[in-house]
Every structure is written in C-alpha cells, then in structure tokens.
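What follows is one structure encoded as structure tokens, with my remarks underneath.
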C-alpha cells in the first residue's frame, strides 16, 4: 500500500494555497467585527451541549484552538493521545480519544483549525463541540464490540495536512470507516458526500440514519465526489479506507447547494459574490456562534449515535 503519493500531496498543498488566496479576496471588504473568545475556564466548567462546547474554539487563533482542545480534554480527565507532525507545509498536533474496544475501529474526525480572519464557528468549532459532547454521552457506556476513535485534527485548511500525516503514521487496516465532520451547525438535512461507490460502511451509515427516521433523499442524502470542497476523510480514502464527509444543510436550499458544489466554475464565481446557506458564512468573518442552530447540532449528535450503534 502506498502510504504517501508526492503528486497527491502536491495537489493537496496547491489546494490549500488556492483556498487561502480565495479567502483573502472574499473577506477583503468584510467589516464584520471580530469575536471575543469565551473564557476557557467558563467553557470547561459549563454545559456539555455541542453549542456550549463550540465556544471552546470560536474566535481564537489556530494555536489557541489547538491548545484549547488539549486543555479541555485534560481538565475533564479524558485520556487522549497526541500525534505531532511537522513538514515544509506546516506543523501541528492531532488529538485522539478512544472509547470502547474491538477489532474494528470507527473513526470520527473534526478539525480544530480555522482559516485566517474567520471565527470558525460552523467551520469547524461546531463539529468539535459535537464530538466533545459525544465523548461525554458515551463515557458511561462505551461500545463493547467496536473501538470508537474521535480524532481532532490540525491544519485541515492546509490541504488536510494533519490528517495526511496521521493516516500515514497509524495502522489503517482496522479502520472500518471514517466520517469527517464539516459544517454541522446549520441545517435540517444530513449529507454524506464523496460517496461515489457503495460500500458496506456506507450502507451501515445510510441504514443507521434511516433507522432513526432520516429517509434517504429526504432526511439524508448520499452524493458523489464534490469538486470544489474536501475534508480530512480524503487523507484516508486513497489508502483503501471507506471515508466520507458528514455535513448538515438546509433542505430548502437543496437545489441551490447542488448547483453550487457540483459546478466548479460557477462555485468559484459565487465564492466571491453570493453563496447559499450554509456557505454564505463559510470561510468569512461572519462564521460566528450566533449563526449556529441548536436543533442542527442535536440532529448531528443523534445521527452519529445511530451510526455508532449501527456499526456495532
């Protein structure tokens, strides 16, 4: 198995650079005032809801966001491992929390970094908050036939850099599937994306969502590879691991979103002009906690619990 392709790494690197330049153009005229980060002590002592836990990261620099995740896990007495990486593209720390035991591993990932000039609430503090809440909910009764790994990655905005290093350094054979959480704080419909082919894991995910009343093509959608966007699961897919993106969107925007994500040229233009929800705040100073929707966060948490139960 080829654990690292120079051409693929170059493509990821160039994607990261292009994204950075597009972001600078998109936010150049945005005069939205900055977010004042919440007190870390207050967040650690506060509520365990995804919305409350998203405040752990919102408005902080990437170095502060990384440190905040480690501080929270330590303060809550949650055992975790640290995976450090460094290369010419950048450096950072991934954090992994394992729950349960078994020969197979279900990996749920959420990146803790954000792009420059964005408070990073929906991208991706909301997803981190969801995974932290999931740890609290499962701690008393972790899976007994499945190892669940919650992975908090660094430098996703640099072409999935942290996930790429992690995927190379760990044994991926036991990983039954990967879901990377992106934009999970706004919407009422779940999208499983980059799912071009049917796999047992994809069937498990879709079946688990149907089991809680999220019927396919209504409550949840399964779509193929998205040209303009990506996330950490793309570091695992080339290694033969079934790996998909997990996102929430407003069902009312389905057609506008389909045109936006599947038309690269149109997407590039709209990136600078007008974008449908939830991409209207994506990578901008307007990606603030005030835009997050508690029902969306609750739906994401319920869906992931169903996937975990189904994967057992």
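The values are calculated or read from the model by the stated rules, or taken from the named source; none is laboratory data. Because the structure is predicted, anything quoted here is derived from the model rather than measured. So basically every Cβ, Gly included, is an ideal-geometry build from the backbone, and we count neighbours across all protein chains shown.
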Selection within segment 175-194 - under 16 Å from the mean Cα position of the chain (by Cα) and outside any strand (DSSP E or B): 182, 183, 184, 185, 186, 187, 194
Test for residue 110: is it under 18 Å from residue 185 (Cα atoms) and outside any loop (DSSP other than H, G, I, E, B): yes
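Identify all residues within segment 288-303 that are part of a helix (DSSP H, G or I) and touching a strand residue (DSSP E or B) at 6+ places or on another chain (Cβ under 9 Å); write none if there are none. Give the derivation first.
To start, the set of residues in segment 288-303 that are part of a helix (DSSP H, G or I) comprises 289-291, 294-303.
Selection gives 296, 297, 299, 300, 303.
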For segment 193-225, which residues satisfy the criterion of being in contact with a helix residue (DSSP H, G or I) (Cβ under 6 Å, 6 or more places away or on another chain), closer than 20 Å to residue 148 by Cβ and free of Cβ contacts under 8 Å to residues at least 60 places away in the same chain? none
Going through segment 65-90 in order, the residues found to be over 14 Å from residue 128 (Cα atoms), out of contact with any helix residue (DSSP H, G or I) (no Cβ under 9 Å at 6 or more places or on another chain) and touching a residue at least 12 places away in the same chain (Cβ under 8 Å) are 81
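So that you can scan it fast, the table gives a plain yes or no per residue for (1) at pLDDT 95 or above; (2) surrounded by fewer than 24 Cβ atoms within 10 Å (Cβ to Cβ):
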| position | (1), (2) |
| --- | --- |
| 129 | yes, no |
| 133 | yes, yes |
| 140 | no, yes |
| 154 | yes, no |
| 188 | yes, yes |
| 192 | yes, yes |
| 212 | yes, yes |
Inspect all residues belonging to segment 282-303 and state whether any of them is farther than 25 Å from residue 62 by Cα, touching a helix residue (DSSP H, G or I) at 6+ places or on another chain (Cβ under 8 Å) and modelled with pLDDT under 95. no
